[in-house]
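Here is the structure we will look at.
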Amino acid sequence: MKIQVCINEEGALRNQRYAFTDRFTLVSELLQNARRAGARRVVVDYDAAGRRLTVRDDGRGIDDFQKLVSLHESGWREDTVGLERPFGVGFSKCLYAAARCIVASGAQRVDIDTAAALRRERFEVQGTTAPIDGTCIDLHGVDLPDLARRMDTLCEGFPIDVVFNGQPLQRRYAEDQLTFMSTPIGAVHLAGGYDGRCTRDTLVFLQGFCVQAPSYLQRTRVNVVHLDPREFLARLPDRDMLIDADQQLMRVSGQLKQSWRELLECARAQLPEQQFVQTYYDAMRRWGHLDLLNDVDTLPAELFERIADYPIQVHAAERDYLQPVQAAPSRSAIEQGEVRLVVLDPLGEENAALWMMARHCRWLIFRAHGLDAGHWVQRFVRDFDPVPVEVEPLDVQARVRMEGRWVYPEVVLCQAVRIRLGQEEAEIADAGVCHEGSILVPAGETSGEAVRQFSDFVDENEFALDDAMQADREVLAELIRHLRATDPAATLDALLAELKLGRYPLLHGKTFEVTVGIGGAPGHSVVLAATRATETQPGGDRHARC
């Protein structure tokens, strides 16, 4: 017994209606046919109330009407078949989407009842007394309620003019609307090619229709690729996705990277060095071409930061104590050691001393990963983590355990903090230094801010404990004042300085007598010295006691 492949023609005709997944494929197929027929312009009109779709083009027209209804037989000329490999199923969508289909081309016309056509009944092609140029397809009973909204997107990469309901469509991504490069995969437009504002978002078109788009994109800044139909095929019958899409899109991505390489090499040869770096650094970084900077003296300024404030632990990398530099240091300043570049991990208790030394020595924080490993600057960058440092409190005055709401460090009151790193040394006298579970408090520190270097005040649920941070900062500030209270006048002066009494004009020029230890907890009394004699007079009591 021998068997062979057969086809149930009636079943194939009946089930073909389920092959198309998108109702708007009807429009894209008719547009595609017009383009293949050499049309320069297509006019589409849709009457939603009357459910009538009309598509007219100025192409070559139809020689053989039988080929319209011959499934899987394209009927196109040899050059079109060789270039685009049409499937020959596009017009069949009309038979399933409409109740009546009228086709006119040249001096011929046919009126098809689609239900009868699918029963394989015959229809007479008739001559007309009013020949037309190109082709006109008039479909009745077509349900496309959202077509008006979809047409602009559907045709945004279409290569010929399209007019919908009397309005020309923009076709913003068509090959005649943007600047394209010729490549082995087709035509490529690179967003940011002139200003460097590049993106990885890419729209991919095949034969004028989109076959790949990102979920979200900035439509005014996107790469556009029009694939060579000899190299790529779309999935039958909707043609909205590439065959072997994963592999083919890797080819597209590889070509975009190569196209950027060619553009950047050209820009490097033509532009002044500083302009080239400022304009195209981000594109080199995003597309993997940082090696183009290896022998360029100018450095991207965005790779440098200076420590402008007290370094603290922060949540989600909000490092406000770092500020960008206005201009990158010169190559000569770096090579001669006038500028020191360092790489530091995000601040934590284990490397806080390194950050404090970098702040004291005015080293620049450098993002070394922002340049190629072979860049000339890499040999001048010092990566201290996890290099141990020596931290020593000088002239220690007191040691006590702080009882905070969130943190419980040992507080070491001292005159200054010495930090050594190899042969280099720094003495910190103006701010607290956290090291090995302790907060070292030199003479110039009174604020209590050092608790923020000790902890980021974020709990296990990633919740910021702002109240606890403020409370512990006040606890440390109070503890520092208590530990330094060895001279009565200096202690009172420090306390009054925090009150900023000069903001109150009523107190200006007044002299007071303050007695501490009167009252509860312990309290104090304040007497306005100039009115002491009137204290016992009615209405003249100026004696306050707490």
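The values are calculated or read from the model by the stated rules, or taken from the named source; none is laboratory data. On a predicted model such as this, the values are computed, not experimentally measured, just so you know. Quick reminder, even Gly has a Cβ in these numbers, built from the backbone with ideal geometry, and neighbours come from all protein chains shown. For accessibility, only protein heavy atoms count, side chains too; no ligands or nucleic acids. Shrake-Rupley method; radii C 1.70, N 1.55, O 1.52, S 1.80 Å.
Which residues, counting only those in the range 343-383, are among the aromatic types (Phe, Trp, Tyr) and not in a loop (DSSP other than H, G, I, E, B)? Before you say what the answer is, go through the steps one by one.
Of the residues in the range 343-383, the ones among the aromatic types (Phe, Trp, Tyr) are 355, 363, 366, 376, 380.
Matches in the range 343-383: 355, 366, 376, 380.
Quick check on the range 441-458. Is at least one of its residues under 17 Å from residue 353 (Cα atoms), over 34 Å from the mean Cα position of the chain (by Cα) and open to solvent by 50 Å² or more (accessible area, probe 1.4 Å)?
no
Condition check: at pLDDT 90 or above and either more than 24 Å from residue 40 (Cα to Cα) or not in a loop (DSSP other than H, G, I, E, B) (or both). Does residue 79 satisfy that?
Values: at pLDDT 90 or above: no; either more than 24 Å from residue 40 (Cα to Cα) or not in a loop (DSSP other than H, G, I, E, B) (or both): yes.
Criteria not met by residue 79.
Of everything in the range 237-269, what is open to solvent by 80 Å² or more (accessible area, probe 1.4 Å) and in contact (Cβ under 8 Å) with a residue 60 or more places away in the chain? Give them in sequence order.
Answer for the range 237-269, where residues must be open to solvent by 80 Å² or more (accessible area, probe 1.4 Å) and in contact (Cβ under 8 Å) with a residue 60 or more places away in the chain: 251, 258, 262.
What are the pairs with Cβ atoms under 7 angstrom where one residue, in the range 441-459, is hydroxyl-bearing (Ser, Thr, Tyr) and the other, located anywhere, is buried (at least 16 other Cβ atoms within 10 Å of the Cβ) and part of a helix (DSSP H, G or I)? Sequence gap at least six, or different chains.
Between residues of the range 441-459 that are hydroxyl-bearing (Ser, Thr, Tyr) and residues that are buried (at least 16 other Cβ atoms within 10 Å of the Cβ) and part of a helix (DSSP H, G or I), the close pairs are 446/477; 446/480; 447/477.
Taking residue 186 and the conditions (1) open to solvent by less than 20 Å² (accessible area, probe 1.4 Å); (2) modelled with pLDDT under 95; (3) out of contact with any Pro (no Cβ under 8 Å at 6 or more places or on another chain), which numbered condition does it fall short on, given that it satisfies the others?
Here residue 186 meets the rest and fails (2).
Please go through the range 464-503 and give me each residue that is modelled with pLDDT under 90 and either open to solvent by 80 Å² or more (accessible area, probe 1.4 Å) or among the polar types (S, T, N, Q) (or both), ordered by number.
Hits for the range 464-503 are 482, 486, 488, 491, 493, 498, 499, 500, 503.
Residue check, residue 220 against (1) in contact with a strand residue (DSSP E or B) (Cβ under 6 Å, 6 or more places away or on another chain); (2) open to solvent by 30 Å² or more (accessible area, probe 1.4 Å), all met but one. Which one?
All conditions are met except number (1).
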